[in-house]
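S.K.: Just dropping this structure here.
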């Protein structure tokens, strides 16, 4: 895959940084939208959706858009304002990008980050597939509104929505927060420990974005390598770190006291299938937690 002109929103974050590097290494032109001043020589183009500001030089000849924009789900306690910010930081930039679609006549594909936590947590036994309906809880509705805004682009090009699970890397996100107490001999499962944890390595997620372009995908895809219970995940991680687990599970009520409604991020979980993306031809390099942790901690 070479010669594409790819515009990326959220290109300096946890996923965006290695994705930009990978796409450039493959010979593509990559332009990153940033709230910083434009620096065309470095591929940086200013935008600020909240102020209706866009360096329209970024749009010239664009063939693909990848939108990773959105504030972190678990970065702050869920006040009413924060919950609104989580939604608006995803929907508003998408709508703003779509307002310029007439200036991108070569646009072939729009790829949006999305969330695996879109199906709700009502059925512990069910393994969800992409055609299942959205849940009614807050996170499900976040994803629903997120994807509705992405689907605006379906009138002009193919739209891919990668429903991303917990992303494993030691560079940020959830894993360092989970690993730190284990490293300090305070590791424990959370709540019942029975809640499902769908996950994907950062390495494979970056590859999945590239795969989506290479194979001209269209539609929603669950982005996960596998699913483990929180207890299984914690045990495998502790073994990889060569640390024991001896504390009892952290009680759910304590986590709710500390995190409020946001505790649902770690206390609720679901199973989902990756069959659709594998049937499209994608092969995981890190199909197991052991493989993922070996890459992260032992390479």
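S.K.: Once each part is reduced to its C-alpha centroid, what is the distance from the range 150-177 to the range 274-299 in angstrom?
M.R.: 16 Å
S.K.: Select from 174, 272, 58 the residue whose mean-square fluctuation is largest in a Gaussian network model of the chain (Cα-Cα springs shorter than 10 Å).
M.R.: Judging by the Gaussian network model, the answer is 174.
S.K.: For the range 136-271, how big is Rg over Rh, using alpha carbon atoms and the Kirkwood form of Rh? Kindly include the intermediate steps, with their values, before the conclusion.
M.R.: Details: Rg = 17.2 Å, Rh = 16.7 Å.
With Rh from the inverse mean 1/r over Cα pairs, Rg/Rh is 1.03.
S.K.: Another one. Among DSSP beta bridges lying fully in the range 62-216, give the percent that are antiparallel, nearest 5.
M.R.: 0 percent
S.K.: Report the relative contact order of the chain, percent, no decimals, based on alpha-carbon pairs under 8 angstrom and at least 6 residues apart.
M.R.: 17 percent
S.K.: Right, here's the next one. How many angstrom separate the Cα center of the range 1-75 from the Cα center of the range 97-125?
M.R.: 16 Å
S.K.: Nearest 500 deg cm²/dmol is fine: what mean residue ellipticity at 222 nm does the chain get from its DSSP H runs of n ≥ 4 alone, each adding -39,500 (n - 2.57), divided by its residue count?
M.R.: The helix-only estimate for the chain comes to -10000 deg cm²/dmol at 222 nm.
S.K.: Could you give P(r) for the range 5-298, binned at 5 Å from zero, as whole percent values over all Cα-Cα pairs?
M.R.: Here the calculated profile for the range 5-298 is 1, 5, 12, 16, 18, 17, 13, 9, 6, 3, 1, 0.
S.K.: Also: Listing 22, 169 from the residue with the fewest other Cβ atoms within 10 Å to the one with the most, what is the order?
M.R.: Values: 22 16, 169 20.
Listing 22, 169 from fewest to most nearby Cβ atoms yields 22, 169.
S.K.: OK, next. Nearest 10 degrees is fine. How inclined is helix 16-25 to the longest principal axis of the chain, computing both from alpha carbons?
M.R.: 50 degrees
S.K.: Given the Cα-Cα distance of residue 71 and residue 51 and 0.36 nm per residue of separation, how much length would full extension add, in nm? Mind dumping the intermediate values first?
M.R.: On the way: separation 20, 0.36 × 20 = 7.20 nm, distance 1.72 nm.
Stretched out fully, the residue 71 to residue 51 stretch lengthens by 5.5 nm.
S.K.: Normalised by the number of residues in the range 1-155, what is the relative contact order in percent for Cα pairs under 8 Å and 6+ residues apart?
M.R.: 20 percent
S.K.: Among 246, 146, which comes first, second and so on when ranked by fewest other beta-carbon atoms within 10 Å? Could you put the intermediate results ahead of the total?
M.R.: Values: 246 10, 146 24.
Ranked by crowding around the Cβ, least crowded first: 246, 146.
S.K.: So in the chain, what percent of DSSP beta bridges are antiparallel if you round to the nearest 5?
M.R.: Working: 7 of 41 bridges.
Close to 15 percent.
S.K.: Classify the range 193-299: rounded, prolate or oblate, from the alpha-carbon gyration tensor (a ≥ b ≥ c, eigenvalue square roots; a/c under 1.5 rounded; otherwise prolate if a/b is larger than b/c)?
M.R.: Oblate, since a/c reaches 1.5 and b/c is not below a/b.
S.K.: Give me 56, 130 ranked fewest to most by other Cβ atoms within 10 Å of their Cβ, as a rough exposure proxy.
M.R.: Values: 56 10, 130 17.
Lowest to highest Cβ neighbour count: 56, 130.
S.K.: If you average the sequence gap of Cα pairs under 8 Å that are 6 or more apart and divide by the length of the range 144-298, what percent do you get for the contact order?
M.R.: Details: 220 pairs, mean separation 48.2, N = 155.
Normalised by residue count, the contact order of the range 144-298 is 31 percent.
The numbers here are math on the coordinates, done by the rules we state, and not lab data. Remember, predicted model here, so these are calculated numbers, not experimental data. Neighbour counts are summed over all protein chains in view; Cβ atoms, including those assigned to glycine, are modelled from backbone coordinates with ideal geometry.
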